[in-house]
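Each reported figure results from applying straightforward, stated rules to the coordinates on display, with no laboratory input. Please read all numbers here as calculations on a predicted model, not as lab measurements. Heads up, the Cβs are rebuilt from the backbone with ideal geometry, glycines too, and the neighbour counts pull from every protein chain shown.
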Amino acid sequence: MKFTLLATLLISVVSAREFILFDDIDYKGASHREVRNNDAACWNLNGAGDRASSVSGDGGCTSFFRERDCRGSSWQQRGSAASVPGFLNDHIWSFRNQC
C-alpha cells in the first residue's frame with residue numbers, strides 16, 4: 001500500500017508541468033504561476049481570464065486558448081516566449097498541457 005501511494009505520488013510529480021504568465025513582454029511585470037499535470041485536461045484560469053504578454057515555461061508544449069473550456073482561437077507554445085500573439089495578449093482564459 002505504501003509503495004503504491006509513493007509510486008503514484010512520484011508519477012504525478014514527474015508528469016506535472018509549470019509555466020509563469022507575465023503581465024508584460026520580456027518576462028516583466030506581475031506574474032502568475034501555474035503547475036498542472038501534463039495531460040489532455042483543460043484548465044480554466046481565474047474568472048476574468050489572465051493578463052499575459054509573455055510566458056516562461058519548462059520546455060513542454062502548452063496550448064493556450066482565448067476562451068474558457070479550451071475553446072476559440074489557440075496558440076501552441078513550447079518552453080518560453082518573450083511575447084504572445086496579439087489575440088491572446090491580456091486575455092488568456094484556458095490552457096491544456098498538450099499540443
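Can you give me the distance in nm between label points at residue 67 and residue 99, each placed 7 Å from the Cα along the Cα-to-Cβ direction?
Between residue 67 and residue 99, the label points sit 2.4 nm apart.
Pop a pseudo-label 7 angstrom from the Cα along the beta-carbon direction at both residue 23 and residue 44 and give the gap in nm to one decimal.
2.5
Working out 0.36 nm times the residue gap between residue 82 and residue 35, then minus their Cα-Cα distance, what length gain in nm do you get to one decimal?
15.0 nm
Can you tell me the equivalent ellipsoid semi-axes for the stretch 17-96? Use √(5λ) from the Cα gyration tensor, largest first, whole Å. It would help to have the intermediate numbers written out before the result.
Values: eigenvalues 53, 41, 25 Å².
After scaling each eigenvalue by five and taking roots: 16, 14, 11 Å.
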